[in-house]
Amino acid sequence: MNEIILKEQYLPDTLEELHKFLIVGEARLINIRNTIKTVDEVGESKEIRDNLILEGQRTGKAVLYAEAKFGDLLSNHTSRGGSMDGRRGSKPSLPEGITHKQSHIAQNLPIIEEVIKDAEQYEDIPTKFEVLRRIKNKEKDDRILEERKKRSDIITGFEIRKGDFKKVLNDLYDIDAIITDPPYPKEFIQCFS
């Protein structure tokens, strides 16, 4: 966490300034990506491309750390809400011009750090798009795990018995269903009556 704080010292301190920084940073990243495409099409030297990738990584890192700082500031931001009689106090809300999507991205620091690390490893530019993709995948995986847990809690009280049904089921008298695999031919149907 200290590494992030050191990198944040050059970032703006207010939500409004950070928001402007993010807009400019994202525009710069688009420009860098377009320049890399042009360099690839023209067939310029690998050195020029590598320098552009390095510049893109630095800019992408700055933008994503700014997103993280933005999320930290948003999580502490409150605006006065409530009624005139004072029954409701302050409630968190987003500043003007800030979308819930931006807030959501910004408050996922571990994923931001993971995207930066992977981009450096694969000589790529870290992007907000990749952060969004990973957030979406994480939320999907979390929903699947939660659903599996709910289902496993619901499906209880069942007993599965394997073997010759005359031996395995001889102690049961009230049976709701017998499921067999594979379905047996008609000549064995009398065994189930």
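The values are calculated or read from the model by the stated rules, or taken from the named source; none is laboratory data. Remember, predicted model here, so these are calculated numbers, not experimental data. Cβ placement follows ideal geometry from the backbone for every residue including glycine, while neighbour counts extend to all protein chains displayed. Areas reflect the complete protein model, heavy atoms only, side chains present, ligands, DNA and RNA absent. Shrake-Rupley method; radii C 1.70, N 1.55, O 1.52, S 1.80 Å.
Structure values in brief
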quantity	calculated
Residue, modelled with the lowest pLDDT, within segment 158-176, restricted to residues that are assigned to a helix (DSSP H, G or I) and loosely packed, with under 10 Cβ neighbours inside 10 Å	Lys166
From Ile53, Ile105, Ile32, residue being in contact with a Leu (Cβ under 9 Å, 6 or more places away or on another chain), farther than 27 Å from Lys138 by Cα and either at pLDDT 90 or above or not in a loop (DSSP other than H, G, I, E, B) (or both)	Ile32
Scan of segment 1-21 for residues that are in a helix (DSSP H, G or I) and either at pLDDT 90 or above or open to solvent by 60 Å² or more (accessible area, probe 1.4 Å) (or both), ordered by number	Asn2, Glu3, Ile5, Leu6, Lys7, Glu16, Glu17, Lys20, Phe21
Identity of the residue in segment 129-152, surrounded by 11 or more Cβ atoms within 10 Å (Cβ to Cβ) and aliphatic (A, V, I, L, M), that ends up farthest from Leu29 (Cα to Cα)	Ile135
Out of Ile155, Ile189, Ile179, sole residue that is at pLDDT below 75, more than 41 Å from the chain's Cα centre (by Cα) and loosely packed, with under 10 Cβ neighbours inside 10 Å	Ile189
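One line per residue, one yes/no per condition, for (1) in contact with a helix residue (DSSP H, G or I) (Cβ under 7 Å, 6 or more places away or on another chain); (2) touching a residue at least 12 places away in the same chain (Cβ under 8 Å); (3) of a type in the set (Phe, Trp, Tyr); (4) on the phi < 0 side of the Ramachandran plot:
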residue: Val115; (1), (2), (3), (4): yes, yes, no, yes
residue: Lys128; (1), (2), (3), (4): yes, yes, no, yes
residue: Glu139; (1), (2), (3), (4): no, no, no, yes
residue: Asp142; (1), (2), (3), (4): no, no, no, yes
residue: Arg151; (1), (2), (3), (4): no, no, no, yes
residue: Arg161; (1), (2), (3), (4): yes, no, no, yes
residue: Phe165; (1), (2), (3), (4): no, yes, yes, yes
